[in-house]
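The values are calculated or read from the model by the stated rules, or taken from the named source; none is laboratory data. As the structure is a prediction and not an experimental result, all values here were calculated from the model. Note: ideal-geometry Cβ built from the backbone for every residue, glycine included; neighbour counts use all protein chains shown.
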Amino acid sequence: MKNISILGSTGFIGRQALEVIEAFPERFSVKALAGGKNWQLLAGQAKLYKPEVVAISEERHFQDLKKALSGLRIKVLFGDEGIKEVASFPSSNLVLASIVGVAGMLPVIEALKSGKDIALANKEALVVGGKLVNALAEKNKSKIIPVDSEHSAIFQCLKGEKKEDVRRIILTSSGGPFRDWDSKKIKKVKAEDALNHPTWKMGNKITIDSATLMNKGFEVIEAHWLFGLDYSRIDVVIHPQSIIHSLVEFTDGSCLAQLSPPDMRLPIQYALGFPGRLPKIWKALDLVKLGSLTFEEPRRENFPCLDLAYRAGKTGGTALAVVNAANEAAVDLFLKGKIKFTGIAEIIEKSLEAHNTVKNPDIEDLIEADRQTRNRIKKGSKIK
Ligand code: MG
């Protein structure tokens with residue numbers, strides 16, 4: 001039996017994970033749940049899965065949640081301290097980390113400090129804190145199992161292989177909804193155009209990141225930390241059908257790929273079941289029905305976020321906190337209709353240029369770089 005804590009149980013990944021867990025009641029037990037603000041859903045999940053502890057991030061919903069769960073033997077908590085307790089809950093041995101954004105990084109660090117294995121869906125823990133997170137995982141002998149579909153694919157392809165036999169990895173990207181739009185049209189993109197993602201249904205922030213290709217840029221950085229490869233050995237190819245989730249090319253020219261219909265329940269199930277596979281097919285792959293798979297070069301000039309991510313990745317240190325914070329702030333401005341789609345990359349580039357990188361940051365340096373970047377953008381957006 002695996003005892004699981006879920007950070008972000010009311011979000012997209014959290015809900016899908018609970019579906020997977022429900023399919024294997026003899027293998028998984030939910031011990032702790034943490035959600036952001038949807039206390040009604042969190043209360044419903046707690047009644048169904050009967051964890052020992054639940055935490056809601058926003059304090060204003062604490063009393064409602066507590067009332068909804070009164071009479072049950074469930075400890076109810078709130079705020080950063082509550083989330084921390086879910087992350088380090090003693091009777092859990094696996095933590096699914098699926099809180100979106102940089103807010104999800106500190107709970108991952110907390111879980112690693114208490115020696116948990118992590119099924120990692122939060123990108124920022126590695127994008128911003130990759131070096132620290134890897135060091136902690138190594139020190140506490142924690143495994144980090146990727147949930148992101150691309151990294152799950154590479155993780156699966158690398159099973160049983162030697163690192164020195166890997167020539168490069170190739171991350172696939174759907175290309176987002178504006179893959180074949182010209183630059184004039186891209187300038188006029190509205191939030192609702194972007195939220196209409198062709199293949200995956202996800203939260204708003206990640207959907208915009210998919211449209212700008214920053215999501216892929218972050219995945220390049222994640223791959224760097226997860227698989228210990230130099231940026232020159234991590235490539236991106238556009239594959240609109242999202243059937244091949246990524247590939248590994250070996251030194252003999254042989255490539256291994258992982259294929260499946262796009263459904264996040266598969267990589268979640270793989271991460272929860274690791275090192276074995278669990279016998280449930282959510283959606284079967286029908287090659288004949290698909291007919292063909294296509295591939296293209298990413299159009300870097302139209303989607304400059306991809307190269308900005310590579311640039312920040314190669315610079316390293318606090319530049320990684322800056323690229324992430326600038327992107328979060330810029331996407332928020334775009335969703336509120338305050339900047340153009342192309343303004344997202346412009347803000348990120350300016351933020352990187354304005355920042356003096358600390359090469360070997362500790363967690364405080366990263367948080368400070370994040371804070372400074374957001375403040376700078378806030379001031380800038382008021383002037384406009
Ligand atoms: Mg992905």
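Looking across Asp235, Asp263, Asp252, Asp230, one residue alone is within 26 Å of Ala17 (Cβ to Cβ) and modelled with pLDDT of 95 or more. It is Asp263.
Going through (1) of a type in the set (D, E, K, R); (2) at positive phi; (3) within 16 Å of the ligand (Cβ to nearest atom) one by one, Lys141 falls short only on (3). Output yes when any residue across the range 217-232 is within 14 Å of the ligand (Cβ to nearest atom), in a loop (DSSP other than H, G, I, E, B) and of a type in the set (A, V, I, L, M, F, W, C), and no when none is. No. Put simply, of Gly129, Gly115 the only residue that is at pLDDT 95 or above and on the phi > 0 side of the Ramachandran plot is Gly115.
There is no residue in the range 129-137 that is touching a Cys at 6+ places or on another chain (Cβ under 9 Å), surrounded by 20 or more Cβ atoms within 10 Å (Cβ to Cβ) and not in a helix (DSSP H, G or I). Do we find a residue being part of a loop (DSSP other than H, G, I, E, B), on the phi > 0 side of the Ramachandran plot and either within 14 Å of the ligand (Cβ to nearest atom) or not assigned by TED's automatic domain parsing to the domain that holds Ala119 (or both) anywhere in the range 183-205? Looking through the range 183-205, none of the residues is part of a loop (DSSP other than H, G, I, E, B), on the phi > 0 side of the Ramachandran plot and either within 14 Å of the ligand (Cβ to nearest atom) or not assigned by TED's automatic domain parsing to the domain that holds Ala119 (or both). Considering only residues in the range 259-316 that are among the hydroxyl-bearing types (Ser, Thr, Tyr) and part of a helix (DSSP H, G or I), the one that is surrounded by the most Cβ atoms within 10 Å (Cβ to Cβ) turns out to be Tyr270. Please name all residue pairs, on different chains or six or more residues apart, with Cβ atoms under 9 Å, provided the first residue is in the range 70-83 and is in contact (Cβ under 8 Å) with a residue 60 or more places away in the chain and the second residue is of a type in the set (Asp, Glu). So the pair list comes out as Ile83/Glu110.
Test Val166 against the stated conditions and say whether it is of a type in the set (A, V, I, L, M, F, W, C) and within 13 Å of the ligand (Cβ to nearest atom). In short, no. Considering the range 85-97, and only residues there that are in a strand (DSSP E or B) and not β-branched (Val, Ile, Thr), the residue that is surrounded by the most Cβ atoms within 10 Å (Cβ to Cβ) turns out to be Leu96. Filtering the range 1-33 to residues that are assigned to a strand (DSSP E or B) and under 18 Å from Lys205 (Cβ atoms) leaves only Leu7.
Taken over the range 148-163, the criterion of being more than 14 Å from the ligand (Cβ to nearest atom), in contact (Cβ under 8 Å) with a residue 40 or more places away in the chain and assigned to a loop (DSSP other than H, G, I, E, B) is satisfied by Leu158, Glu161.
Among the residues that make up the range 116-127, is at least one of them of a type in the set (Val, Ile, Thr), within 13 Å of the ligand (Cβ to nearest atom) and not assigned by TED's automatic domain parsing to the domain that holds Asp263?
yes
Each row is one residue, and each column tells you yes or no for (1) closer than 20 Å to Phe28 by Cα; (2) among the aliphatic types (A, V, I, L, M); (3) assigned to a helix (DSSP H, G or I).
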residue	(1), (2), (3)
Leu72	no, yes, no
Leu77	no, yes, no
Ile83	no, yes, yes
Val100	no, yes, no
Leu106	no, yes, yes
Ala111	yes, yes, yes
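Annotation: Ile363 fulfils all but one of (1) surrounded by 13 or more Cβ atoms within 10 Å (Cβ to Cβ); (2) modelled with pLDDT of 95 or more; the unmet one is (2). Looking across the range 43-69, the residues that are among the polar types (S, T, N, Q) and under 14 Å from Gly82 (Cβ atoms) come down to Ser57, Gln63.
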